[in-house]
């Protein structure tokens, strides 16, 4: 068995391998230009069937013919109804592409935002506000650590990481108690189930 990964890569994957094979065959195996023209028109019909509602649009058909030329790597010698695209332009590297972030995060599971929050906490002058802000930070660090790590998070780890990320400017001897949200859905559901509800529309 030959897997697709072992075959030549498809130039325009949207058309599938069969279309590409047809165009390759027309390009390499049909000697008569007249026959190539007829075969190319058949290929164009097949390609346009993927968007039949747009077949009557001139710009759409020109796009299909451009794709035919591209799929043949510019080697298909036929009478094209439109100017041929420049293959060199197609292979030029794209400009203004979005690059990857170069942020070097010490602990990726906290993310960049936590480092920005720590910087903000360092600059706060209001001690009461600063304490509340640090509490928010360490609670977020607890949550993020639990999500990304299998091992149990300890207060010592969070304190150590906070000290490192703040370059020693934020130090805690003890973490504030983690917030607990208790929800007894089973109990609430039983109370709801035990009541008589009438959902019929009264007219």
| message | Contact list please: Cβ distance under 8 Å, first residue in the stretch 62-79 and within 11 Å of residue 41 (Cβ to Cβ), second residue in a loop (DSSP other than H, G, I, E, B), pairs at least six apart or on different chains. | response | 65/80; 65/81; 65/82; 68/76
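Being over 32 Å from the mean Cα position of the chain (by Cα), farther than 12 Å from residue 109 by Cβ and loosely packed, with under 12 Cβ neighbours inside 10 Å is true for just one of 130, 167, 152. Which residue is that? If you could, list the steps in order and put the result at the bottom.
Working: 130 fails: loosely packed, with under 12 Cβ neighbours inside 10 Å; 152 fails: over 32 Å from the mean Cα position of the chain (by Cα).
Sole residue among the options that is over 32 Å from the mean Cα position of the chain (by Cα), farther than 12 Å from residue 109 by Cβ and loosely packed, with under 12 Cβ neighbours inside 10 Å: 167.
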| said: Quick check on my filter: what residues within the stretch 18-55 are modelled with pLDDT of 90 or more and assigned to a loop (DSSP other than H, G, I, E, B)? | reply: 30, 31, 32
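Only one of 146, 187 is modelled with pLDDT under 90 and surrounded by 12 or more Cβ atoms within 10 Å (Cβ to Cβ); which?
146
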| query | Looking at 81, 13, 9, 58, which is the one that is at pLDDT 90 or above and farther than 30 Å from residue 162 by Cα? | reply | 81
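The values are calculated or read from the model by the stated rules, or taken from the named source; none is laboratory data. This structure is a prediction, so every number in the text was calculated from the model and none was measured. Glycine also receives a Cβ, built like all others from the backbone with ideal geometry; neighbour counts cover every protein chain displayed.
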